[in-house]
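Inspection log for the structure reproduced underneath, given as structure tokens.
What follows draws every value from the coordinates through simple rules; no lab data is involved. Predicted model only: the values in this text are computed from it and were never measured. Cβ atoms come from the backbone with ideal geometry, glycine included; neighbour counts cover every protein chain shown.
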Amino acid sequence: MTDPYQQNNPGFGGPQYGPPGTGPDLNKPQDTSALPQYDSQPYAQQPPADPYAQPQYGQQAPYGQQPGGYPPAGQYGPQGYNPNDLEAPWGRDQFGVPFSDKQKLIAGLLQIFLGAFGVGRFYTGHTGIAIAQIAVTWLTCGIGGIWPLVDGIMMLVGKVPDSDGRPLRD
């Protein structure tokens with residue numbers, strides 16, 4: 001059985017497309033004058049310096065940076081603090097709302113452990129709610145203490161903003 005793609009193609013073992021004799025003649029020499037000319041030793045020069053290379057031991061890092069590209073230690077305040085953004089010095093959430101200067105961990109733990117005295121709500125600036133929690137807890141002989149407990153859990157989860165409506169920061 002013969003292969004229909006390899007008929008009458010001497011000198012080239014691959015398939016021939018179109019009628020026989022219409023392809024390029026691979027037996028005659030090619031004209032190489034139009035091809036670009038390359039150096040015989042392409043790597044005779046030194047390769048360019050690696051822009052991502054780390055400085056060697058004992059060398060000064062360029063531009064006053066620490067190795068790895070991190071800013072110098074102690075240049076900025078606590079994590080998230082940005083003194084250049086006066087409206088949101090503690091950063092912004094994913095929607096662009098500035099974070100509060102109060103922390104949700106502190107607010108939640110104060111509310112869970114001292115919620116009968118409204119301490120977590122006083123911390124976040126909600127004075128009216130804090131007084132109401134004190135009154136409900138003491139007037140119900142402690143049964144109303146469930147409200148400050150649930151309120152403290154909601155603070156830890158991040159569902160309670162401060163008195164200005166800003167979300168509590170981590």
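For the stretch 109-170, the C-alpha radius of gyration sits at 1.03 times the compact-globule guess of 2.2 N^0.38 Å, with N the residue count. In order along the stretch 143-148, phi translates into HN-Hα couplings of 5, x, x, 5, 4, x Hz, rounded to whole numbers, per the Karplus curve 6.51 cos²θ - 1.76 cosθ + 1.60 with θ = phi - 60° and x for Gly and Pro. Modelled this way, with points 7 Å down the Cα-to-C-beta line, the labels at K28 and I153 are 9.0 nm from one another. Which chymotrypsin sites (Phe, Trp or Tyr not before Pro) does the stretch 88-170 hold that lie in a coil by DSSP with at most 12 other beta carbons within 10 Å? Sparse-neighbourhood loop chymotrypsin sites (Phe, Trp or Tyr not before Pro): F95.
Close amide H pairs (under 5 Å, H built 1.01 Å from N) link R92 with F99, residues at least 5 positions away or on another chain.
Fully extending the segment from D170 to L114, taken as 0.36 nm per residue of separation minus the present Cα-Cα distance, adds 18.1 nm.
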